[in-house]
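Here's the structure, in structure tokens; my notes come after.
The values are calculated or read from the model by the stated rules, or taken from the named source; none is laboratory data. Computed from a predicted model, the values in this text were never measured in an experiment. Quick reminder, even Gly has a Cβ in these numbers, built from the backbone with ideal geometry, and neighbours come from all protein chains shown.
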Amino acid sequence: MNKYSWLVALAPLVVLACGRSSNPTQSSLPEQAKSSLAYNSNPTVSTATQQAVNNDLNDFGLKVLKSLAPSGQNFAVSPVSGFIALTMTSDGAQGTTADEMKTVLYPDVALTDIQAATNQLEQGVKSCAQPSTQTSDGSKQVVLNLANDVFVQKGLALQQPFLDSLMTNYNSGVELVDFKADSNGATTEINNWVASETNNLIPKLLSPGFLDSLTRLVLVNALYLNASWLTAFDANKTHAQTFNGVNGNTSTDFMNSALSLNYATGTGWAGVDIPYYGGTLVMTAILPDSGRFDTVKASLNAAWFSNFDTTVQQQQVGLALPKFTLTGSTVSWKQTLQTLGMTTLFDANTCSLNGITQQEQLYVSDVLQQVYVAVAEKGTVAAAATAVTAVAASVEQPPPTSITFDRPFLFFVREHGGPILFAGQVVSLP
């Protein structure tokens, strides 16, 4: 692990297949296609609408986490990039399919506002990036990459309004591939794009054979984050402690520090915000009381986080947080989305994505996500710089509040008061 806390995710990859044919005149696209319109770098969205988007996104992402997370396994999702990929798809939905997607994704946002609001959401996430800077605590940075791309069957005529929205709201063109004749070659192209956008930490999202000759379009959103803590953990204070996991007690490395943090408690839980460099992003870590993990997790929604943000108080906290790495496999969101109410989207007979193309009847065959998360203290060089400062802190009186994440806990990397980028649970450690 290098000197930063690493978080990387690939957002859901939305796979559209051919259901049944229509018969408009075919209009082939060039090898790479995009709208002639420019990317809208300054969308007009009201503050109330943007807050509604944040709340809807967080509610949606937390529902997905609660539905997909296995009870006895570490697990993570990326709510923000899942929301973006599906909202991008929804711009081509019509009829019942459009109604269902709106109800699940953005029930509190007007249909006419959602694409511009999602554009603004993306730009807000990207603005969290911070250039590399040398500080008294060592070198710090926040590297953040958020990218969209669409892979389309050669010869499939896309509707111009959909192409225009891809460019103006998502800064995305279209990559033409040949799913019909060479689906494995198309798979390789998509995997290569994903690897490039995630700094090779997700080298293989799609396995050979997953796409076939009926695949027509794949929408992808990649999110990559490499963020320094605002205050690094002193590597000299990392030592083995017991983690009381669901699969038994284990000895694992815990990072230890005394920091001024936002801290709050509630019924059955305690939690802190651990800030990243730049002050915009935080990791909110929630420690349920023993025996209350499932109850606390079930209570999480956007309103819960709003209440957390209004009740936290900054105070000196003795923090013990285990180092952990989550390297998940590719996970299907299909059943969860159907349960939440997106049913026609996956039905070849009833799905309406005519806003994408009218040349063939499309439906979504699957929605996939793969997430990688690794959290550690600062690297060797920077740790040496903080060791001197931390040694001074070690002779002070211990802080009045302490929190040790030595049993199953939940974590959320998010903009303070804004969208959740990553959400996960740690219930067992090696």
### Message
I'd like the residue in the range 339-366 that is among the hydroxyl-bearing types (S, T, Y) and not in a loop (DSSP other than H, G, I, E, B) and, out of all such residues, is nearest to F162 (Cα to Cα).
### Response
Y363
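So, of the residues in the range 40-89 that are part of a loop (DSSP other than H, G, I, E, B) and touching a Ser or Thr at 6+ places or on another chain (Cβ under 9 Å), which turns out to be surrounded by the most Cβ atoms within 10 Å (Cβ to Cβ)? Walk me through it before giving the result.
Applying the first criterion (part of a loop (DSSP other than H, G, I, E, B)) to the range 40-89 yields 40-46, 69-74, 78.
Restricting the remaining residues to those that are touching a Ser or Thr at 6+ places or on another chain (Cβ under 9 Å) gives 40, 43, 72-74.
On the way: N40: 18, P43: 18, G72: 12, Q73: 14, N74: 21.
Residue satisfying both the conditions and the ranking: N74.
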### Task
Of the conditions (1) buried (at least 19 other Cβ atoms within 10 Å of the Cβ); (2) in contact with a strand residue (DSSP E or B) (Cβ under 9 Å, 6 or more places away or on another chain); (3) modelled with pLDDT under 95; (4) not aromatic (F, W, Y), K126 clears all except one; give me its number.
(1)
### Task
Exactly one condition in (1) assigned to a strand (DSSP E or B); (2) in contact (Cβ under 8 Å) with a residue 60 or more places away in the chain; (3) not hydroxyl-bearing (S, T, Y) is not met by N262; state its number.
(2)
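Does G92 satisfy the condition of being outside any helix (DSSP H, G or I) and under 21 Å from A285 (Cβ atoms)?
Details: outside any helix (DSSP H, G or I): yes; under 21 Å from A285 (Cβ atoms): no.
Spelling it out, it is not the case that G92 is outside any helix (DSSP H, G or I) and under 21 Å from A285 (Cβ atoms).
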### Message
Return the residues of the range 151-205 that are touching a helix residue (DSSP H, G or I) at 6+ places or on another chain (Cβ under 6 Å) and surrounded by 17 or more Cβ atoms within 10 Å (Cβ to Cβ); say none if nothing qualifies.
### Response
F151, S165, N169, Y170, S172, V177, F179, I202, L205
### Query
Scanning the range 211-248 for residues that are assigned to a loop (DSSP other than H, G, I, E, B), hydrophobic (A, V, I, L, M, F, W, C) and more than 23 Å from the chain's Cα centre (by Cα), which turns out farthest from L163 (Cα to Cα)?
V246
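I'd like to know if the range 272-286 contains one or more residues that are more than 23 Å from the chain's Cα centre (by Cα) and of a type in the set (V, I, T). Please lay out each step first, then the result.
So the first thing to find is which residues in the range 272-286 are more than 23 Å from the chain's Cα centre (by Cα), and the list is none.
No: zero hits.
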